[in-house]
1. Please find, among 98, 140, the residue that is open to solvent by less than 50 Å² (accessible area, probe 1.4 Å), touching a residue at least 12 places away in the same chain (Cβ under 8 Å) and in contact with a Cys (Cβ under 8 Å, 6 or more places away or on another chain).
2. May I ask you to list the residues in region 117-141 that are assigned to a helix (DSSP H, G or I) and either among the charged types (D, E, K, R) or over 19 Å from residue 161 (Cβ atoms) (or both)?
3. Could we say that residue 165 is open to solvent by 70 Å² or more (accessible area, probe 1.4 Å) and on the phi < 0 side of the Ramachandran plot here?
4. Looking at region 101-114 only, could you name the residues that are touching a residue at least 40 places away in the same chain (Cβ under 8 Å), in a helix (DSSP H, G or I) and open to solvent by 30 Å² or more (accessible area, probe 1.4 Å)?
5. Of all the residues that make up region 209-238, how many are in contact (Cβ under 8 Å) with a residue 12 or more places away in the chain, open to solvent by 10 Å² or more (accessible area, probe 1.4 Å) and of a type in the set (A, V, I, L, M, F, W, C)?
6. Can you find, within region 128-137, the residue that is surrounded by the fewest Cβ atoms within 10 Å (Cβ to Cβ) among those that are free of Cβ contacts under 8 Å to residues at least 40 places away in the same chain and not hydrophobic (A, V, I, L, M, F, W, C)?
7. I need the full set of residues from region 6-35 which are open to solvent by 30 Å² or more (accessible area, probe 1.4 Å) and in contact with a Gly (Cβ under 9 Å, 6 or more places away or on another chain), in order please.
8. Any residue that is touching a Lys or Arg at 6+ places or on another chain (Cβ under 9 Å), surrounded by fewer than 19 Cβ atoms within 10 Å (Cβ to Cβ) and not small (Gly, Ala, Ser) - is there at least one of those in region 115-127?
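The values are calculated or read from the model by the stated rules, or taken from the named source; none is laboratory data. The model shown is predicted, which means the values in this text are computed figures rather than measured ones. Cβ: placed from backbone, ideal geometry, glycine included. Neighbour counts: every protein chain shown. We work out accessible area using only protein heavy atoms, side chains counted, and drop any ligands, DNA or RNA first. Shrake-Rupley method; radii C 1.70, N 1.55, O 1.52, S 1.80 Å.
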Amino acid sequence: MEISLRLRDPIAPQLVTALRQAIIVSELRPGEALSEKEIAGRFGVSRQPVREAFIKLSEAGLVQILPSRGTFVMKISMREVANARFVREAVECSLARAASRLINPDGVARLRRLIAEQAAAAGRGDYSGFTVLDEAFHQAIAEIVDCDYAGKVVESARAQTDRVRYLSLPGTSPIPLLITQHNAIVDAIETGDADTAATAMRIHLREILNALPRIAAEHPDLFEDEELPAHTRAPRQR
């Protein structure tokens with residue numbers, strides 16, 4: 001959480017961003033107790049914005065506030081990760097389709113630049129930086145489509161999926177594979193091929209289902225359940 005707060009801007013949203021990222025990259029571990037006093041002291045702010053940040057993180061399913069006991073980082077729920085991914089697929093495949101219709105050269109250049117920065121971060125072994133750039137890539141597609149509500153839905157869902165995504169790097173979900181998938185999405189968007197863009201996005205977002213059981217097996221102390229919802233099952237053969 002090595003960030004500098006902009007004291008002229010609202011403090012609580014900045015704390016939400018900092019704490020959310022710290023939880024995603026396991027700097028704040030599942031089950032860990034969070035102290036209002038300690039975090040306020042670390043950032044040089046009062047306890048009120050820290051309390052507000054805890055409430056927002058609780059709404060996102062990242063922390064649990066237990067009256068008279070404290071605030072704790074929630075363990076990862078396989079079920080909630082799978083549900084969040086399901087929502088992301090529904091929204092982001094539609095965004096990919098719309099972007100195929102609305103993209104312009106500046107938008108393509110922006111997406112290509114983000115992919116290049118992802119490759120550079122991976123080359124440095126900066127997996128936290130890669131995660132931030134991955135989020136920026138997906139948000140950029142929502143911004144190209146000019147649907148800020150969809151962007152907010154995706155950001156909310158990522159709070160769950162990114163925790164597993166970070167744990168899967170660099171082994172279970174090889175970064176070169178993720179970058180290849182990003183390039184495939186942009187290739188299809190650039191050529192205006194909506195069906196291929198949606199399919200490429202779907203393949204990319206389902207990658208986490210391949211990694212999830214292995215990650216849970218490798219880190220059983222970080223997970224609270226092993227149940228996957230029905231929608232993750234393979235379709236019935238007819």
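1. None of the others qualify; the one that does is 98.
2. Matches in region 117-141: 117, 119, 120, 123, 134, 135.
3. no
4. Residues satisfying the conditions are 101, 102, 112.
5. The total comes to 4.
6. Filtering region 128-137 for residues that are free of Cβ contacts under 8 Å to residues at least 40 places away in the same chain and not hydrophobic (A, V, I, L, M, F, W, C), the one surrounded by the fewest Cβ atoms within 10 Å (Cβ to Cβ) comes out as 129.
7. 7, 33, 35
8. Within region 115-127 (the criterion being touching a Lys or Arg at 6+ places or on another chain (Cβ under 9 Å), surrounded by fewer than 19 Cβ atoms within 10 Å (Cβ to Cβ) and not small (Gly, Ala, Ser)), the answer is no, since none of the residues qualifies.
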